[in-house]
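Shown below is the structure under consideration.
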């Protein structure tokens, strides 16, 4: 469903309509009243029919307006849309299903504008659109990396794509992770995530990202400007690559250049223990710094000694 989210974000920027996009796939469109029309047929409003004017032979025929080219939906994207919205399973979207798709699109569009509308005027300026495009590009790159990782993990025959059996293994692994995730955050134990539980997850993830970002800035921001410049980012990436190589060398017992499930599990445990140790060290350091500060100010428990 992440691909659908990206597509809806793109449409929020460009103003493309999902209805029109899907209509292009089926060869039909709708007018403003929701009435189906065959694409390419004229309603004769301009008084022109079959290249002739109804107003007489001397009247010049208006040149046909060029409609902007719209991006076609890939078969995979069409399949995902139908999987999500085709409730009756007839392989197409009826009026009610299309209405639900439109409602979701408008909701996402409103959320999208709210996210990037820095000046609060209810629309996106050129600068705001550019910021949104940059975020979408980064999201696409992230998804490309994830796809590459999934291919590397599940492509057992090494043909560069996933066959039916490999896709089944991927799906099983994904469902297992999803079940573990729901079990972790399902406070009312109804085997699904409510709106409140999802919001709690979002807030927790946001907090985590903020903590990670602050930790990276604290560690790599050498000039103290509150952000990472190109040189600082290069150092961060170099350290990440060094840690990746370290983990691979430590846990790649079969020396195949990648981690299998068992090796990956041991690596995760090692990384988690190391993070926990670092958090404890950071906590002790803050506690020690606080005690020293109290002594200097004469406000700590040892101030009267």
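Residues checked against (1) modelled with pLDDT of 90 or more; (2) exposed (fewer than 12 other Cβ atoms within 10 Å of the Cβ); (3) farther than 23 Å from residue 174 by Cβ:
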position: 234; (1), (2), (3): yes, no, yes
position: 238; (1), (2), (3): yes, yes, yes
position: 250; (1), (2), (3): yes, no, yes
position: 261; (1), (2), (3): no, yes, no
position: 264; (1), (2), (3): no, no, no
position: 268; (1), (2), (3): no, no, no
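Considering only residues that are under 21 Å from residue 264 (Cα atoms) and in contact with a helix residue (DSSP H, G or I) (Cβ under 9 Å, 6 or more places away or on another chain), which ones fall in segment 109-145?
The answer is 143, and nothing else.
Rundown of residues vs (1) over 22 Å from residue 221 (Cβ atoms); (2) touching a helix residue (DSSP H, G or I) at 6+ places or on another chain (Cβ under 7 Å); (3) not in a helix (DSSP H, G or I), yes/no style:
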| residue | (1), (2), (3) |
| --- | --- |
| 236 | no, yes, no |
| 240 | no, no, no |
| 247 | yes, yes, no |
| 256 | yes, no, yes |
| 263 | yes, yes, no |
| 266 | yes, yes, no |
| 272 | yes, no, no |
| 275 | no, no, no |
| 280 | yes, no, no |
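The values are calculated or read from the model by the stated rules, or taken from the named source; none is laboratory data. Everything numeric here is computed off the predicted structure, so don't read it as measured data. Counting neighbours? That spans all protein chains shown, and the Cβs are built from the backbone with ideal geometry, glycine included.
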